[in-house]
Amino acid sequence: MYKIVASDLDGTLLTPEHKIAPFTKDVINQLHHQDKAFIFATGRHHIDVADMREQLGIPAYMITSNGARVHNAKGEVIYKQDLEPSVVRDIVAMAKQDPELKIHIYRNDDWLLNTDCEYLKDFHETFQYQLFDVDNPPLEGIAKVFFIRDDQDHEKMVEWEERFNAAFGQQTNIVFSTPWCLEVMDANVSKGHALEAVAKEKGYELKDCLAFGDGMNDVEMLSMAGKGVIMETAHDRVKQALPNHEIIGPCSEEAVAHYLADNLL
């Protein structure tokens, strides 16, 4: 019934240790051999995801930076949409006033961070950040800017969501990928619109797509796909935004792979 499967990574396809488990790998490979396209659809950087694609060994498309970049199976960029340089400049200038905020920038092939953060190494095997100067941030080639706090205080991040929306709402798409990670992309960027572009390139429509996710950055994709499936551990805001969508188990039980095995293979 569905020709394309698109999945978020952290909290969805990956284990809580941010790995692709063996059963999940086997199921995705079976999908590939049955001529169903698999698409990574994530907030992660494309270089990070390319490593995972290599582990899987299949020619998957990659929707990364929440849709600001799309790479085809050959690794070629088929879509990119950067933040306006003035938005990057002004949003970093606002954020640097809060010493609790860690400011991340995805610039072309780089991951930049304003201060060291050791625990982030648990999320990434080979792709690592470089430091940047908040008083002289890079402005060109910026796919997204995102923010986290060490204490993971969601309410404090909601305050910043409101401030950023008040200042840049018409120029940006501002979403939570997790309750403690606030992300800023260009207004025209979302995983849903990127999935639509990939489907068209492959000769299909959104109705031919099955999508999985758990974050507010997945809502457009889950609502636009032929069927969108929500993880049990998704934030309440996701479930409230999509009250009629099917909910499956957690990533710790490889719920996406089991759903695919039971319904698509």
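Observations on the structure shown:
- Å² per residue, accessible surface of the range 9-119 at 1.4 Å: 41
- At R0 = 35 Å, FRET efficiency that the Cβ-Cβ distance of W180 and K202 yields, to 0.05: 0.50
- Using a simple spin-label model with pseudo-atoms 7 Å out from Cα toward Cβ, L265 and E140 lie 4.8 nm apart.
- Per-pair calculated FRET efficiency, R0 = 25 Å: Q128 and E162 via Cβ, rounded to 0.05: 0.20
- Paramagnetic label zone (point 7 Å from Cα along Cα-to-C-beta, E253; backbone N under 17 Å) in the range 203-234: 213-214, 229-234
- Residue of T15, T233, T126 that the Gaussian network model of the chain assigns the largest fluctuation, springs spanning Cα pairs under 10 Å: T126
- Integer Hz, Karplus 6.51/-1.76/1.60 couplings in order for the range 127-136, x for Gly and Pro: 7, 10, 7, 10, 7, 10, 8, 5, 7, 8
- Protection proxy ranking of 65-76, 234-245 - average other beta-carbon atoms within 10 Å, highest first: 65-76, 234-245
- When a 1.4 Å probe is rolled over the protein heavy atoms, the share of accessible surface on the chain that falls to carbon and sulfur comes to 45 percent.
- Amide H partners (placed H, <5 Å) of I103, local residues excluded: N114, T115
- Of K207/K239; K3/K25; K144/K207; K3/K191, those spanning more than 25 Å from alpha-carbon to alpha-carbon: K144/K207
- Label-zone membership for the range 83-112, site D153, 7 angstrom Cα→C-beta point, backbone N under 17 Å: 95-103
- Segments 217-223, 146-152, 53-59 sorted - mean Cβ within 10 Å per residue, highest first: 217-223, 146-152, 53-59
- Converting phi to 3J(HN,Hα) with the Karplus coefficients 6.51, -1.76 and 1.60 and the offset θ = phi - 60°, the range 148-164 yields 9, 10, 4, 7, 6, 7, 5, 5, 5, 6, 4, 4, 5, 4, 5, 5, 5 Hz in sequence order, with x at every glycine or proline.
- Distant-in-sequence amide H partners of I142 (H built 1.01 Å from N, under 5 Å): L83
- Averaging Cα coordinates gives a centre for the range 178-207 and one for the range 81-106; these two points are 22 Å apart.
- Amide H contacts of I39 (H built 1.01 Å from N, under 5 Å, at least 5 apart or other chain): V5, A6, S7
- Using a cutoff of 8 angstrom between alpha carbon atoms and counting only pairs six or more residues apart, the relative contact order for the chain works out to 22 percent.
- Phi-derived couplings, Karplus 6.51 cos²θ - 1.76 cosθ + 1.60 at θ = phi - 60°, listed residue by residue for the range 95-100: 5, 5, 6, 9, x, 7 Hz, with x used for Gly and Pro.
- A 1.4 Å probe run over the range 120-265, with the rest of the protein chains in place, finds 46 Å² accessible per residue.
The values are calculated or read from the model by the stated rules, or taken from the named source; none is laboratory data. Not measured: the values here are computed from a predicted model. So basically every Cβ, Gly included, is an ideal-geometry build from the backbone, and we count neighbours across all protein chains shown. Each accessible area value is taken on the protein alone, full model and side chains, heavy atoms only, with ligands, DNA and RNA left out. Shrake-Rupley method; radii C 1.70, N 1.55, O 1.52, S 1.80 Å.
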